[in-house]
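Notes for the one structure printed next.
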Amino acid sequence: QVQLMESGGGLVQPGGSLRLSCAASGSFWGIADAAWYRQAPGKEREEVARISRGGSTNYADVVKGRFTISRDNAKNTVDLEMNSLLPEDTAVYYCNAGIKRYVWTMWVDYWGQGTQVTVSS
């Protein structure tokens, strides 16, 4: 059973920082691209940042220069460092990754359960 588990959410004041972490557990062959998404109340889920297995990154325009995505392939973790947080960053943040259970199987999308980030004074 493959699972993604997020941690690190919470309440932070505007201008503050938070670091989210996503850990993959279970038995699997490898992880391809990984990404962080977020969903605010009443809004659609949006991709915030993406990182390839080789470390190439992409960011949504609204978080460029403030958020940094990183990964540790040895530990099967993906982190999101969030700085200069704004009230509009308030959302549930989800970890997403393409994972192969075995070398001969297809890549399958996995999602974490989400972690709440609230930016408020």
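The values are calculated or read from the model by the stated rules, or taken from the named source; none is laboratory data. The model shown is predicted, which means the values in this text are computed figures rather than measured ones. Neighbour counts are summed over all protein chains in view; Cβ atoms, including those assigned to glycine, are modelled from backbone coordinates with ideal geometry. Just the protein is used for accessible areas: all its heavy atoms, side chains included, with ligands, DNA and RNA removed. Shrake-Rupley method; radii C 1.70, N 1.55, O 1.52, S 1.80 Å.
Some notes on this structure:
- Any chance Gly15 is modelled with pLDDT under 95, farther than 19 Å from Gln113 by Cα and surrounded by fewer than 18 Cβ atoms within 10 Å (Cβ to Cβ): no
- For segment 25-59, taking the residues that are of a type in the set (A, V, I, L, M) and over 13 Å from the mean Cα position of the chain (by Cα), the one that is surrounded by the most Cβ atoms within 10 Å (Cβ to Cβ) is identified as Ile31.
- Scanning segment 87-94 for residues that are in contact with a Pro (Cβ under 7 Å, 6 or more places away or on another chain), open to solvent by 40 Å² or more (accessible area, probe 1.4 Å), touching a residue at least 60 places away in the same chain (Cβ under 8 Å) and not aromatic (Phe, Trp, Tyr) turns up at least one hit.
Yes/no matrix, rows are residues, columns are (1) assigned to a loop (DSSP other than H, G, I, E, B); (2) under 22 Å from Gly16 (Cβ atoms):
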| site | (1), (2) |
| --- | --- |
| Val48 | no, yes |
| Gly55 | yes, no |
| Ser84 | yes, yes |
| Glu88 | no, yes |
| Val92 | no, yes |
| Gly98 | no, no |
| Asp109 | no, no |
| Gln116 | no, yes |
